[in-house]
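Undergrad: The structure is given below, and queries will be raised subsequently.
The values are calculated or read from the model by the stated rules, or taken from the named source; none is laboratory data. Since the model is a prediction, treat every value here as computed from it, not as a measurement. Glycine also receives a Cβ, built like all others from the backbone with ideal geometry; neighbour counts cover every protein chain displayed. Please note that ligands, DNA and RNA were not included when accessible areas were found on the heavy atoms of the full protein model with its side chains. Shrake-Rupley method; radii C 1.70, N 1.55, O 1.52, S 1.80 Å.
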Amino acid sequence: MSTAMNNDSDEETTRKPEPKPDSEYVNLKVNGQDGSEVYFKIFKRTQLKKLMKSYCKRQGLELRTIAFLLDGHPIAGTQTADELGMEDGDEIDAMKHHGGGGAI
């Protein structure tokens, strides 16, 4: 039995490892009530509060005044894109909280 390698495969063994695929990341768009669009590329397992804080900082908003919605449903900052099944191109809506419930 011979264990010699074929010359054709020498290039394969000397290549550097491939970088991690982009599938561990997701590209998202946050739509503001004012029509603004802010794009993010985040790690799928990062809590979305990081995106939320960054969005508010860029837009000059206070985090506590903004509700983030995915398909009309509120998103918690502790959730991840992976947990929500988010994919490239998904959109999050950033809406100002509406006060309510006050006595008349």
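Undergrad: Output the strands (runs of 3 or more DSSP E) that fall wholly within the stretch 21-77 and possess 1 or more residues being of a type outside the set (Lys, Arg), within 17 Å of residue 89 (Cβ to Cβ) and open to solvent by 70 Å² or more (accessible area, probe 1.4 Å), or say none. Give the derivation first.
TA: Values: elements: 25-32, 37-43, 66-70.
Fully inside the stretch 21-77 and qualifying: 25-32, 37-43.
Undergrad: Would you check which residues across the stretch 78-87 are within 16 Å of residue 29 (Cα to Cα) and surrounded by 13 or more Cβ atoms within 10 Å (Cβ to Cβ) and list them?
TA: Taking the stretch 78-87 and keeping what is within 16 Å of residue 29 (Cα to Cα), we get 80-82, 84-87.
If the condition is that a residue be within 16 Å of residue 29 (Cα to Cα) and surrounded by 13 or more Cβ atoms within 10 Å (Cβ to Cβ), then 80, 81, 82, 84, 86 are the ones that fit.
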